[in-house]
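Below: one structure, written as structure tokens.
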């Protein structure tokens, strides 16, 4: 379970970094819940969203739900990959 939680934590950090970079390059947050958190400020909103995500993961650990964390890891890996494609597209657009 520790390995799954470690991967989850790394993916949360990667999502935070890639989302912040995307926004810095002119992209927008499309997740409605995260967008709602961002009403207090972009960085604070992202950090709040990551706090909620980590609390959910800790809940999975206490409830002994490794499969839920594994599925979340797959989802967040996809989100990070998506963010990277958006970053690449924004970089190409700004260099053109």
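No lab work stands behind these numbers, since they all come straight from the coordinates. Computed from a prediction, not measured in an experiment: that's the story for all the values here. Using ideal geometry, Cβ is built from the backbone for each residue, glycine included, and neighbour counts are taken over all protein chains shown.
When the helix-only estimate is applied to the chain (DSSP H runs of n ≥ 4, each -39,500 (n - 2.57), divided by the residue count), what is the mean residue ellipticity at 222 nm, nearest 500 deg cm²/dmol?
On the way: 4 runs with 80 residues, N = 96.
The helix-only estimate for the chain comes to -28500 deg cm²/dmol at 222 nm.
Could you tell me how many degrees, from 0 to 90 and to the nearest 10, lie between the Cα long axis of helix 2-24 and the main elongation axis, the longest principal axis, of the Cα atoms of the chain?
Compared with the principal axis, the helix lies near 20 degrees.
Given an 8 Å cut-off on Cα distances and at least 6 residues of separation, report the relative contact order of the chain as a percent. Can you show the working numbers first?
Values: 70 pairs, mean separation 43.5, N = 96.
About 45 percent, as a whole number.
Using only the alpha-carbon atoms, how far is helix 42-62 inclined from the longest principal axis of the chain? Give it as 0 to 90 degrees, nearest 10.
Value to nearest ten degrees: 20.
Considering the convex hull of the alpha carbon atoms of the range 2-95, report its projected area averaged over all viewing directions, in nm², one decimal.
Values: hull surface 23.6 nm².
The orientation-averaged projected area of the Cα hull of the range 2-95 comes to 5.9 nm².
Using the alpha-carbon atoms, what tilt in degrees (0 to 90, nearest 10) does helix 66-95 show relative to the longest principal axis of the chain?
Approximately 10 degrees, to the nearest ten.
Take each of the peptides 51-64, 71-84, average the number of other beta-carbon atoms within 10 Å over its residues, and list them starting from the highest. Display every interim value, and only then the final one.
Numbers: 51-64: 13.4, 71-84: 14.9.
In descending order of packing, they fall as 71-84, 51-64.
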